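For reference, the structure is listed below as structure tokens.
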Amino acid sequence: MDTIILTGPIGVGKSTQGKLLSKELGMPLCAYDEIKDKYRYKIGLNREKALAINDKDGVYAMLCYMDEFKSKILKPIVDDHRGHIIDLGAGAHSFDEPHQVERAQIAFEGIEDIFLFLPSNDLETNIKALPGLKENYEVNTFLIMHYTNELLTKKTIYTLDKAPNEIMIEVIKSLNR
């Protein structure tokens, strides 16, 4: 079976959908958030440096530091998990530097089922709709508005007021099979 990639902001339901789809389609699941550190630390990520950048210069500066590592591990993760459902994790494809975007495009080459999950097609609704994430407001706003959503994903699924099984059925109907 072909690879399926799930993206979207914090709390939109990627992990829930990954588990449901894995069970329904009989495909293995790869959760980016569970494996990313193994890949990042191999190439030199320094967690203390990232936290110090966040404390000194703010979350956006820290995200910029992390982006270089994220862009370098995306292809190895996708390559190592072909035929999986990959719950990519919030922000794992949101890059600002052209060379990082190019790396993501190369990582996603040939994959047709790249889904972006958002609550709705309205920006303000998206920002307000993600439950319990007030502490992530700034990050989620950045992720929801990021231009790589349109550039790198191929299908958008709106989740607001839908049960997880309804969303899963919509994803399955949208698969290139």
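Points to keep in mind about this one:
- Spherically averaged projected area of the chain from its Cα convex hull (nm²): 9.8 nm²
- Nearest-20 debye value, the range 1-143 charge dipole, Cβ charges on Lys, Arg, Asp, Glu: 440 debye
- Both radii are taken from the alpha-carbon atoms of the range 1-93; with Rh as the Kirkwood radius, Rg/Rh is 1.02.
- Taking a straight line from the alpha carbon of residue 42, these lysines sit under 28 Å away, with near neighbours fewer than eight places off in the same chain left out: 14, 19, 56, 70, 72, 75.
- Mean sequence separation of contacting Cα pairs (under 8 Å, at least six apart), scaled by the length of the range 4-174, corresponds to a relative contact order of 34 percent.
- When the helices of the chain are scored as -39500 (n - 2.57) per DSSP H run of n ≥ 4 and the total is divided over every residue, the value at 222 nm lands at -16500 deg cm²/dmol.
- Across the range 1-46, counting alpha-carbon atoms alone, Rg and Dmax equal 12.8, 38 Å.
- Positive-end extreme of charge dipole, the chain - chosen from 169, 8, 157 (charges on Cβ): 169
No lab work stands behind these numbers, since they all come straight from the coordinates. On a predicted model such as this, the values are computed, not experimentally measured, just so you know. As a convention, Cβ positions derive from the backbone with ideal geometry for all residues, glycine included, and neighbour counts pool all protein chains shown.
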